[in-house]
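S.K.: Please see the structure below; I have some questions.
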Number of protein chains: 2
Amino acid sequence: MTSGVGTLSEASEAYPRIQRRTLHDEVLERMRDMIIEGTLAPGQRINEGLIGAQLGVSRTPLREAIKTLASEGLVEIQPAKGAIVRKFSSTDMRNILEVLKNLEQLGGRTACENASDETIAAIRALHDAMMEQYRVRNRLEYFKLNQAIHSAIVAASGNDVLMEMHGTLQARIKRLRFIGNEGPDKWAGAVAEHEAMIEALEKRDAEALTEVIRLHMDSTRLRVWDVL
Amino acid sequence: MTSGVGTLSEASEAYPRIQRRTLHDEVLERMRDMIIEGTLAPGQRINEGLIGAQLGVSRTPLREAIKTLASEGLVEIQPAKGAIVRKFSSTDMRNILEVLKNLEQLGGRTACENASDETIAAIRALHDAMMEQYRVRNRLEYFKLNQAIHSAIVAASGNDVLMEMHGTLQARIKRLRFIGNEGPDKWAGAVAEHEAMIEALEKRDAEALTEVIRLHMDSTRLRVWDVL
DNA sequence: ATTGATTATGCTGCATACAGAATACTTGCC
DNA sequence: GGCAAGTATTCTGTATGCAGCATAATCAAT
């Protein structure tokens, strides 16, 4: 049924759950964004007092958020020295993309079997919306939809754990990927690959989808290469 | 009150890097063990004051450790209510094993290509040691070596990210897996599959290894099934 | 007796205080 | 001028205090 303990998710089925926000959760979200946006640059040390003041929060919830970020691999904690925004080497990048590729392939294959027609149609809708943003050259919105599609395909597998793992890895390279897609040629290539992905998914052709994802992720590595 | 900085074996391994241990790190490790051992049972609420006193630590580092455990998926945090040890449903279990299978397959394939002969020999040594523990029916030591072998195969791929993801997922089902292997028939089955894995790895037969891992993980699901 | 309301207790979430380490700075010496 | 030692400052790591929510306990009323 539902994952975890399930009491909350069952309740949220019918009624919108009243979500009590904690500060560390809020801070966590904000800091993730700051890292992805580059406000917190890779290699930069995180001064707890400073960031805390900036967010209007004491050090306690901030530190708790940092621990989570560390567990997600977005920051690195050096005892008695503090946390620094993690800097990814080209090897890290290759490793991440390799795993990400396999996760998406698994997600895609499973989605071909399990996903409902509605779910696939929704992904197609995302794709169309993305293409529209491509037409008008709105890179930020395009990018967001792009990420959403990748997530949606994995989500369509119905495997929560897979989604979770995919999400953390995707977060790690989000920034580099965004920068990497600069340049019209690269952009065009990525768009073409996406089109093929959606088509394979609609045909529920797991074999083809797997191959396209392989191609797409390997291309991504090339596109991102010179950003490092 | 705090234990030593590092073990002797670590120090003699390579150059002794002075690693400053923080309390939240220490607590994190301890709590992981407590969850796996069952001292903290699934579904049980974690009382910060209680556990803190038990470990001789204030609530601050404890809470930080809990945040990490939550990020690892071992506990679940309910705002204003506290953290509870996560209880996995059969669906969760299936999802975890599905992803784990794919990660290990990727690790195995890559290891067949990249791993040095020495690395593979070391894994064979682990396997032989495990078989010895099987012979004397030392289930705990057997289990530890079993886990170590799976980790070692993934590690042999040289992909750190893969190792990390594999590690977190492995931790989630560690306890269930341990309980699941009870009974001589199940145990014998697992041992046979392991033997085949090592042989495939030594031949660097990626195809065969992938298939054995598939078999092994699917069998694991069956072995663990009735524990839920 | 059961239900509902009300009080009481316990625990979490956050802020703050303090000790010790790490870094920056100053000063003296060559 | 450059280097070294010693001092000052900053920042992290941990403990503690306090407010608010959640739950348990108590009691009243039907």
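The values are calculated or read from the model by the stated rules, or taken from the named source; none is laboratory data. Keep in mind that what you see is a predicted model, and the values were worked out from it rather than measured. Glycine gets a Cβ as well: all are built from the backbone with ideal geometry, and neighbour counts include every protein chain shown. The area values use the complete protein model at the heavy-atom level, side chains included, leaving out ligands, DNA and RNA. Shrake-Rupley method; radii C 1.70, N 1.55, O 1.52, S 1.80 Å.
S.K.: Of all residues being outside any helix (DSSP H, G or I) and not basic (Lys, Arg) in region B:97-153, which is nearest to A:Leu103 (Cα to Cα)? Just the residue, please.
M.R.: Across region B:97-153, the extreme among qualifying residues is B:Ala115.
S.K.: State whether one or more residues within region B:88-105 are without any contact (Cβ under 8 Å) to a residue 60 or more places away in the chain, among the aliphatic types (A, V, I, L, M) and either surrounded by fewer than 21 Cβ atoms within 10 Å (Cβ to Cβ) or under 30 Å from B:Asp185 (Cβ atoms) (or both).
M.R.: No: region B:88-105 contains no residue that is without any contact (Cβ under 8 Å) to a residue 60 or more places away in the chain, among the aliphatic types (A, V, I, L, M) and either surrounded by fewer than 21 Cβ atoms within 10 Å (Cβ to Cβ) or under 30 Å from B:Asp185 (Cβ atoms) (or both).
S.K.: So, one more: Output the residues belonging to region A:156-165 that are at the interface with another protein chain (Cβ under 7 Å from one of its Cβ atoms) and open to solvent by less than 20 Å² (accessible area, probe 1.4 Å).
M.R.: Within region A:156-165, A:Asn159, A:Val161, A:Leu162, A:Met165 qualify.
S.K.: Separate question: Of all residues in region A:54-77, which are more than 10 Å from DNA strand D (Cβ to nearest atom) and either out of contact with any helix residue (DSSP H, G or I) (no Cβ under 7 Å at 6 or more places or on another chain) or modelled with pLDDT under 95 (or both)?
M.R.: Across region A:54-77, the qualifying residues are A:Gln54, A:Gly56, A:Ala70.
S.K.: Which ones in region B:166-186 are modelled with pLDDT under 80 and crowded, with 19+ Cβ neighbours inside 10 Å?
M.R.: B:Gly180, B:Asn181
S.K.: Criterion first (hydrophobic (A, V, I, L, M, F, W, C) and buried (at least 16 other Cβ atoms within 10 Å of the Cβ)) does B:Val136 satisfy it?
M.R.: no
S.K.: From the list A:Leu50, A:Leu69, exactly one residue is under 23 Å from A:Ile173 (Cα atoms) and either part of a helix (DSSP H, G or I) or in contact with a strand residue (DSSP E or B) (Cβ under 8 Å, 6 or more places away or on another chain) (or both). Which is it?
M.R.: Answer to the selection: A:Leu69.
S.K.: How about region B:163-222: which of its residues are outside any helix (DSSP H, G or I), of a type in the set (Asp, Glu) and under 16 Å from B:Asn146 (Cα atoms)?
M.R.: Filtering region B:163-222 down to residues outside any helix (DSSP H, G or I) leaves B:181-183, B:203-205.
Now narrow it down to the ones that are of a type in the set (Asp, Glu): B:182, B:205.
The one that is outside any helix (DSSP H, G or I), of a type in the set (Asp, Glu) and under 16 Å from B:Asn146 (Cα atoms): B:Glu182.
S.K.: Quick one: which of A:Val136, A:Val161, A:Val85 is closer than 20 Å to B:Arg172 by Cβ and among the aliphatic types (A, V, I, L, M)?
M.R.: A:Val161
S.K.: May I ask you to list the residues in region B:50-82 that are free of Cβ contacts under 8 Å to residues at least 12 places away in the same chain, more than 10 Å from chain A (Cβ to nearest Cβ) and open to solvent by less than 20 Å² (accessible area, probe 1.4 Å)?
M.R.: Within region B:50-82, B:Gly52 is the sole residue that qualifies.
S.K.: While we're looking at this one, here's another question. For region B:83-111, enumerate the residues that are β-branched (Val, Ile, Thr) and either farther than 30 Å from B:Arg59 by Cα or more than 7 Å from chain A (Cβ to nearest Cβ) (or both).
M.R.: Passing the criteria: B:Val85, B:Thr91, B:Ile96, B:Val99, B:Thr110.
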